[in-house]
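Beneath this line is the structure, given in structure tokens, with notes to follow.
The values are calculated or read from the model by the stated rules, or taken from the named source; none is laboratory data. Since the model is a prediction, treat every value here as computed from it, not as a measurement. Cβ atoms come from the backbone with ideal geometry, glycine included; neighbour counts cover every protein chain shown. Heavy atoms of the whole protein, side chains included, go into the accessibility calculation; ligands, DNA and RNA do not. Shrake-Rupley method; radii C 1.70, N 1.55, O 1.52, S 1.80 Å.
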Amino acid sequence: MKPFSPTREFALRLDAADPLARFRNEFEQPEPNLCYMDGNSLGRLPRRTAARLRSIIEEEWGRDLIRGWNNGWYQAPARLGDKIGQLIGAEPGQVIVCDSTSVNLYKLAYAALQLLATRQTVITDSLNFPSDIYILQGLLSSAERNPHRTQRNFNIVNIPADESDHRPDLNALYHSINEDTALITLSHVTFKSGYLYDMATITRWAHEKGALVLWDLSHSVGVVPIELDAWQVDFAIGCTYKYLNGGPGAPAFLYVNQRLQSDIVSPIWGWFGQNRPFDFRLEYTPAPGITRFLAGTPSILSLLAVEPGVELILEAGIPAIRHKSVALTEYFLALVETCLSGHGFTLGSPREPEQRGGHISLRHPEGYRINRALIEEMNVIPDFREPDNIRFGFAPLYTRFEDVWETVERLQRVMVEKRYKKYPEVRPAVT
Ligand SMILES: *Cc1c(COP(=O)(O)O)cnc(C)c1O
């Protein structure tokens, strides 16, 4: 970042030149002095969403009642899926919004294993989100209890990190893929370090050996360029409450490439995935296309609340968002290197912007208490990830360069004044 100066004036100049600056006003800002650095975990509330939800509650639920299903609710999972598809390089008919990311991973990993039933290995990595690993372990556990019936037994191979501790060992990954590999499932951007996989290359490695890939886009959708169709990805999942600003617990999405859709089924045969649910037949026939991955009645309020946030991202455009995201993280690191050296921080993320997504982890032996001091007395909200990572998310639509400057300035005060020392080391339930 050149020229660079660690002054507030420099931050203000960067904000004045920011082509996305107007989007900040699209979000509720009830606390102007708050530096919200956790938009990668729970995005801010778009003003349009607040207005839209009020009208959905009063006019659609309140007035239309059951008629709402024929006035747009029934098609909403696929319609919204197509909109998210525009953010991830997916032509219509391949993305649907439903359930949670974890449940969608279960459905697609199960389907992939059924498709390549002679292969016995699933590859993931130790940087993956623990829930993703648990889902695989659960699938394996039920397969082990039921080895000769509907589910095949398999092994889970967990690729370790390299010596940096925040990147995967790509050499080990490459050499672990072979004719026994059914599925490779990884987070496109890893939740702790923010490492960004080269999705096109890893997908090609998998396909060269006849394996399938399933990418978790939770930490990359809405902030990093993604071209699922062009990269010939098989399956993807992701959540909508991080950079898409869909709201706490908003439903997730899943992608199944067109070429695979008619060959696979969901393990959960619910009526919303049935071909004609309102015939009320007693036999299950999967719906054609992506709809077969629905299970039960969608959470309509949460689902419709996702749409305005997705539209904001589409308006801003992923290239401009990625450009600002890189500028924000580079600026943050330049400030950290200038203002915080000698305070014991190490970088828990790749230094090269092309190897990371929209967030950065700083590691420190006192990371937990420093994070607490930032939240409780400095009006800065990052989050903490064990064992020692303070994670800073820089959602480009509403984070100003001035917020980044303020964050580093307040963090410096916490360190110089040793404010973290007064906090206990005991962790609450949600960090
Ligand atoms: C946030 C996140 C999830 C969330 O899963 P839910 O089932 O929606 O709670 C899953 N995977 C990754 C990589 C995440 O970052």
Contact list please: Cβ distance under 9 Å, first residue in the range 167-182 and part of a strand (DSSP E or B), second residue among the hydroxyl-bearing types (Ser, Thr, Tyr), pairs at least six apart or on different chains. Pro168/Ser126; Pro168/Thr190; Pro168/Tyr195; Pro168/Tyr197; Thr181/Thr121; Ala182/Thr118; Ala182/Thr121
So which of Leu105, Leu65, Leu45 ends up being at pLDDT 95 or above and within 16 Å of the ligand (Cβ to nearest atom)? Leu105
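The rows are residues; the columns are (1) free of Cβ contacts under 8 Å to residues at least 60 places away in the same chain; (2) out of contact with any helix residue (DSSP H, G or I) (no Cβ under 6 Å at 6 or more places or on another chain); (3) within 15 Å of the ligand (Cβ to nearest atom); (4) on the phi < 0 side of the Ramachandran plot.
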site	(1), (2), (3), (4)
Leu116	no, yes, no, yes
Ser131	yes, no, yes, yes
Gly138	yes, yes, yes, yes
Gly194	no, yes, yes, no
Residue that is surrounded by the fewest Cβ atoms within 10 Å (Cβ to Cβ), among those in the range 11-24 that are touching a residue at least 12 places away in the same chain (Cβ under 8 Å) and more than 17 Å from Gly317 (Cβ to Cβ): Leu12
Keeping to the range 117-161, report how many residues are over 18 Å from Ile268 (Cβ atoms), modelled with pLDDT of 90 or more and among the aromatic types (Phe, Trp, Tyr). 1
Enumeration of residues in the range 224-260 that are free of Cβ contacts under 8 Å to residues at least 40 places away in the same chain and either within 11 Å of the ligand (Cβ to nearest atom) or open to solvent by 20 Å² or more (accessible area, probe 1.4 Å) (or both): Gln232, Arg259
Could you list, in sequence order, all residues of the range 339-395 that are surrounded by fewer than 19 Cβ atoms within 10 Å (Cβ to Cβ), of a type in the set (A, V, I, L, M, F, W, C) and more than 25 Å from Ala327 (Cβ to Cβ)? Ile375
Quick check: anything in the range 88-95 at pLDDT 95 or above and within 16 Å of the ligand (Cβ to nearest atom)? yes
Just to be sure, is Ala206 within 23 Å of the chain's Cα centre (by Cα), open to solvent by 30 Å² or more (accessible area, probe 1.4 Å) and farther than 12 Å from Ser126 by Cα? no
Test Trp73 against the criterion of being crowded, with 18+ Cβ neighbours inside 10 Å, of a type in the set (Phe, Trp, Tyr) and over 18 Å from the mean Cα position of the chain (by Cα), and give yes or no. yes
